[in-house]
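Read the structure below first, then the notes.
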């Protein structure tokens with residue numbers, strides 16, 4: 001079942017690359033007491049993700065934070081090493097937290113998984129964005145076409161915060 005506005009985010013653990021190496025990030029640690037923009041995408045280093053989706057959030061990070069967003073997080077069904085390398089490649093710095101959902105467990109818990117097995121990519125995250133306030137979903141944006149990054153992009157999110 002897909003998460004909807006008013007729902008509490010599910011419990012789960014994602015991974016991020018810290019200065020000391022891979023580190024777990026619990027959903028409570030990510031969302032409790034914070035206003036968070038979480039956006040998910042099919043894969044690191046893929047064309048739409050690298051050209052538009054992630055760069056839009058990097059470019060608009062200050063504007064989102066000026067509107068009260070505490071954390072901007074990018075989640076993909078890739079391993080933590082790939083997400084760490086992609087963050088460096090995209091110069092995210094501390095603007096966006098890069099989160100690995102290596103086995104798609106959190107994407108599935110959100111009901112936002114996408115089966116791309118026929119394209120040789122396995123189960124991935126669909127392209128989406130969520131505005132979450134203290135663990136409760138306030139806005140959800142899902143792309144009809146995963147090759148687009150309009151509805152789930154940072155510019156649209158700015159109008160919702």
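The values are calculated or read from the model by the stated rules, or taken from the named source; none is laboratory data. Model, not experiment: these values are computed from the prediction. Please note: Cβ atoms are built from the backbone with ideal geometry, for glycine as well, and neighbour counts cover all protein chains shown.
Observations
- When we screen 4, 34 for residues that are farther than 15 Å from residue 101 by Cβ, in contact (Cβ under 8 Å) with a residue 24 or more places away in the chain, surrounded by 12 or more Cβ atoms within 10 Å (Cβ to Cβ) and in contact with a strand residue (DSSP E or B) (Cβ under 7 Å, 6 or more places away or on another chain), the only hit is 34.
- Residues of the range 119-136 satisfying the condition of being over 26 Å from residue 79 (Cβ atoms), out of contact with any helix residue (DSSP H, G or I) (no Cβ under 7 Å at 6 or more places or on another chain) and either surrounded by 15 or more Cβ atoms within 10 Å (Cβ to Cβ) or without any contact (Cβ under 8 Å) to a residue 24 or more places away in the chain (or both): 133
Each row is one residue, and each column tells you yes or no for (1) over 17 Å from residue 139 (Cα atoms); (2) buried (at least 18 other Cβ atoms within 10 Å of the Cβ); (3) modelled with pLDDT of 95 or more.
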{"residue": "11", "(1), (2), (3)": "yes, no, yes"}
{"residue": "19", "(1), (2), (3)": "yes, no, no"}
{"residue": "39", "(1), (2), (3)": "no, yes, yes"}
{"residue": "46", "(1), (2), (3)": "yes, yes, no"}
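- Residue 100 touching a helix residue (DSSP H, G or I) at 6+ places or on another chain (Cβ under 6 Å) and buried (at least 20 other Cβ atoms within 10 Å of the Cβ): yes
- From the options 109, 139, 100, 73, residue that is touching a strand residue (DSSP E or B) at 6+ places or on another chain (Cβ under 6 Å), in contact (Cβ under 8 Å) with a residue 60 or more places away in the chain and under 21 Å from residue 5 (Cα atoms): 139
- For the range 101-145, the set of residues classified as part of a strand (DSSP E or B) and over 20 Å from residue 35 (Cα atoms) consists of 113, 114, 115, 123, 124, 125, listed by residue number.
- Just so you know, in the range 83-97 the residues that are under 16 Å from residue 53 (Cβ atoms) and in contact (Cβ under 8 Å) with a residue 40 or more places away in the chain include one that is surrounded by the most Cβ atoms within 10 Å (Cβ to Cβ), and it is 83.
- Qualifying residue in the range 139-159 (condition: surrounded by fewer than 16 Cβ atoms within 10 Å (Cβ to Cβ), at pLDDT 85 or above, closer than 20 Å to residue 30 by Cα and over 13 Å from the mean Cα position of the chain (by Cα)): no
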